[in-house]
1. Which residues, counting only those in the stretch 277-289, are in contact (Cβ under 8 Å) with a residue 60 or more places away in the chain and either part of a loop (DSSP other than H, G, I, E, B) or buried (at least 20 other Cβ atoms within 10 Å of the Cβ) (or both)?
2. Do we find that residue 102 is assigned to a helix (DSSP H, G or I) and either touching a strand residue (DSSP E or B) at 6+ places or on another chain (Cβ under 9 Å) or within 16 Å of ligand 1 (Cβ to nearest atom) (or both) in this structure?
3. Please work out which one of (1) over 30 Å from residue 37 (Cα atoms); (2) surrounded by 10 or more Cβ atoms within 10 Å (Cβ to Cβ) is the condition residue 86 fails and give its number.
4. How many residues does the stretch 187-202 contain that are more than 16 Å from ligand 1 (Cβ to nearest atom) and in a strand (DSSP E or B)?
5. Sort out which residues of the stretch 356-380 are on the phi > 0 side of the Ramachandran plot and in contact with a helix residue (DSSP H, G or I) (Cβ under 7 Å, 6 or more places away or on another chain), and write them in order of number.
6. Mind counting the residues in the stretch 123-144 that are touching a strand residue (DSSP E or B) at 6+ places or on another chain (Cβ under 8 Å) and more than 16 Å from ligand 2 (Cβ to nearest atom)?
7. Out of curiosity, is residue 235 over 20 Å from the mean Cα position of the chain (by Cα) and at positive phi?
8. Out of curiosity, is residue 223 in contact with a helix residue (DSSP H, G or I) (Cβ under 8 Å, 6 or more places away or on another chain), away from ligand 1 (no atom under 16 Å from the Cβ) and in the same structural domain as residue 146 (by TED's automatic domain parsing)?
Ligand code: HEC
Ligand SMILES: [Cu+2]
């Protein structure tokens, strides 16, 4: 109905997708949150509360604005007439318009408080995952010591949709148990948001915040996929700070994934592994890997980094602020790259600030990254 009374052609695809499914009736479009279908234990509570408040808003807004406009036309004085006061009052009317809204507002508070309380404390048996937010990536640590990195996905041109690039990375969740996220940030304020689960929580540096939810168990044999978004503007690449989230249909599926995700495939060379890591660990957000990369890059390019002579590569040493020239070749070059990853501010590449996040990298991962960096724009 709504779809036929307005022309949507001019609107963006975003608002289209928001309204498309609501054309069935005005009431439905007021009631729904405009969010994707709820998929956790909290979804129905949140949606109900949201719809209720929205309906109350409309019920009050429409008659009040109507009366406002009507009265200002009906009782308008001719130009030049003298303003005079004619205030009297009507006790029953005033009691009605005080008590009814008060009951409604107290009801909203009560339901909101009850639901908020449910969201505050996770059940004791919750499966706990530690989350680290950084500019501009997420990292996930599981109770058994496993670690996965975020997967921000890429445009799947064939199907014209955003799709994961590495289904073994990202956030993986077992089915049917409450999940608690213990979250902190290494740099600035981020915010953890999975729209389908209706959970949203700030992730603050120097503090651990937590959120919990029980995702709906997938009906099919494949994991259900969602997107985790950073929903607090946190710098240049904030919009790329998202990750695929999977809810496994069974524990077997979850454990099989753990085995897959914990190992490299034999046929992957060191360079390939390094390239994969540079995306997983978020390095590629700040370091370009092609000659003359366009756009603003937060870190120095990796293109041609390996093989730079001392003349071409100056760094500023921490503390002393002494300018040094370091060639990025041979063993000295490898040691410099290693130090740049372990302790990024020990020597700052000249012209850059202290913004590189310290990543959890194993010795093995550092070897792969160095092999990869060495292969980019290599001087023959
Ligand atoms: C938020 C942006 C950012 C991210 C993410 C980032 N870096 Fe950096 N990186 C920088 C900046 C800025 C510098 C220059 C200042 C310095 O040396 O710390 C730098 C410097 C470096 C250097 C030295 C480069 C040179 O020209 O001397 C290396 C090597 C490096 N980063 C590796 C990595 C690796 C590996 C990762 C991923 C695990 C990574 N960086 C992630 C911003 C970033
Ligand atoms: Cu963020």
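The values are calculated or read from the model by the stated rules, or taken from the named source; none is laboratory data. No experiment lies behind these values; they were computed from the predicted model shown. When we count neighbours, we look across all protein chains shown, and the Cβ atoms used for this are built from the backbone with ideal geometry, even at glycine.
1. 277, 278, 280, 281, 282, 283, 285, 286, 289
2. no
3. (2)
4. Result for the stretch 187-202: 8.
5. none
6. Matching residues across the stretch 123-144 total 9.
7. no
8. Yes, satisfied.
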